[in-house]
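Structure record follows, encoded as structure tokens.
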Amino acid sequence: MNAKQEDKLSMEIVVVDLLNNTAPEIMAQMPQINTLKTNFSDNVAKIRTYQNGQSLNRTGNRMSKDQLREQMTQKGFEIAARICAYAISIDNEVLEMEVTYAYSDMKKLRDTSIADACLNIHDIAIANLANLLEYGVTNATISDLKDSIILYNAMLPKTRAAIITRTTCTDRIKELFKENDKLLYRIDKLVTMLKFKEATFHEAYFKSRKIIETGHRKLPLRGKITDELGQPIEQVTITIETPINKTTKSTEIGNYQFKKIPGGVFPVTFKRDGYITERVFLVFTPNARLDFNITLKRSDQQQNSA
């Protein structure tokens, strides 16, 4: 997800929170607002899930593959069972055979085979959607199955043939943002009706709709290391103890910098032979830069003072 999308997502999260906490009597004055709010909120949740999906192939630990497989399998089995019921009602033996699955057998399928089976169920549901509504198969349920398939495939090893990669997650995020743009346009028009009757709500809503550009600086931490005389110290090893430790060394003029540090409170260690090792805790804020300079004492001075 790029910087502009992250800013836009932040705005959408605020809008969801505002609508969820708006008094029912105000919401009741806007026709179809609850349906629009639900669809919008669901899309925001999916975007946040796909944001994690973009990182699955890099970290491998954001979500459990087994958990994703179980979610996908349950959704696929349920839709298949509903299609099967429809096939029996119209005496369509071919369709019935295509979607007849035992849940225990689905759980035994190999990783790639279960994904293919669920994709087949998805495609059959799309082809028969008009006749499946009374059986509880809707665009929303089919879309949920599609999302589960994409996220599950993103967790599989990159070497697998036909893997749906990080690019697919990125494309899906774009689609969801487009859907939300349309939903927001409709919501905007409904809220505009209340400009004078519910002025406080109207003002709060359109304030929440503003996208704040956070800047997205590339250097979350930088600084300079000197001795007690103010002279720069080179070749100091600086280590940030994040979930994945990051290390760098100071330059000949004592400068150092890090890129791409996650938000949180992490210990930072400054170490070089001949100097007392310093360990401090620094607070890292997403999209904000931290300047931290430090003075190191020579280890022989500590011994002399002792």
* Asked: Rounded to the nearest 0.05, what FRET efficiency is calculated for Lys174 and Asn39 with R0 set to 25 Å and r the Cβ-Cβ distance?
  -> 0.90
* Return the label of the correct value of P(r) over Cα pairs in 10 Å bins from 0, in percent, as calculated from the structure shown, out of [x] 5, 22, 26, 22, 16, 7, 1, 0; [y] 6, 29, 37, 23, 5, 0; [z] 5, 19, 20, 20, 16, 11, 6, 2, 1, 0. => [z]
* To do: Could you rank the peptides 68-75, 148-155, 128-135, 184-191 by their average count of other C-beta atoms within 10 Å per residue, with the highest value first?
  => 148-155, 68-75, 184-191, 128-135
* How far, in nm, would the chain grow between Ser208 and Lys108 when pulled straight, counting 0.36 nm per residue and subtracting the alpha carbon separation? -> 31.2 nm
* Inter-probe distance in nm under a simple model that places probes 7 Å from Cα toward Cβ, at Asn139 and Ile253 -> 5.9
* Segment Ser299-Val94, length gained on full extension (0.36 nm per residue, minus Cα span) -> 65.7 nm
* Asked: When the accessible area of the chain is computed with all protein chains present and a 1.4 Å probe, what percentage of it is carbon and sulfur?
  -> 50
* Unsatisfied cross-links (Cα-Cα over 22 Å) in the set Lys4/Lys182; Lys224/Lys297; Lys65/Lys108; Lys146/Lys210 -> Lys146/Lys210
* Asked: Using a 1.4 Å probe, what is the accessible area per residue for segment 1-147, in Å²?
  -> 53
* To do: Given the options Cys169, Cys84, Cys118, state which has the largest fluctuation in a GNM of the chain using a 10 Å cut-off (strictly under) for Cα springs.
  => Cys84
* Asked: By how many nm would the segment from Gln231 to Asn2 grow when fully extended, if each residue of separation counts as 0.36 nm and the alpha-carbon distance is taken off?
  -> 78.5 nm
* Structure fact -> With the charge dipole of the chain built from beta-carbon charges (+1 for Lys and Arg, -1 for Asp and Glu) about the Cα centre, the Cα from Met11, Phe201, Thr239 projecting farthest to the positive end belongs to Thr239
* Evaluate the distance, in nm, between pseudo-label points positioned 7 Å from the Cα of Ile126 and of Gln32 along their respective Cα→Cβ axes. => 2.5
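The values are calculated or read from the model by the stated rules, or taken from the named source; none is laboratory data. Just so we're clear, the structure is a prediction, and the values are computed from it rather than from any experiment. Here Cβ is always computed from backbone atoms with ideal geometry, including for glycine, and neighbour counts include all displayed protein chains. The protein model used for the area step is the full one, side chains on, heavy atoms only, and it has no ligands, DNA or RNA in it. Shrake-Rupley method; radii C 1.70, N 1.55, O 1.52, S 1.80 Å.
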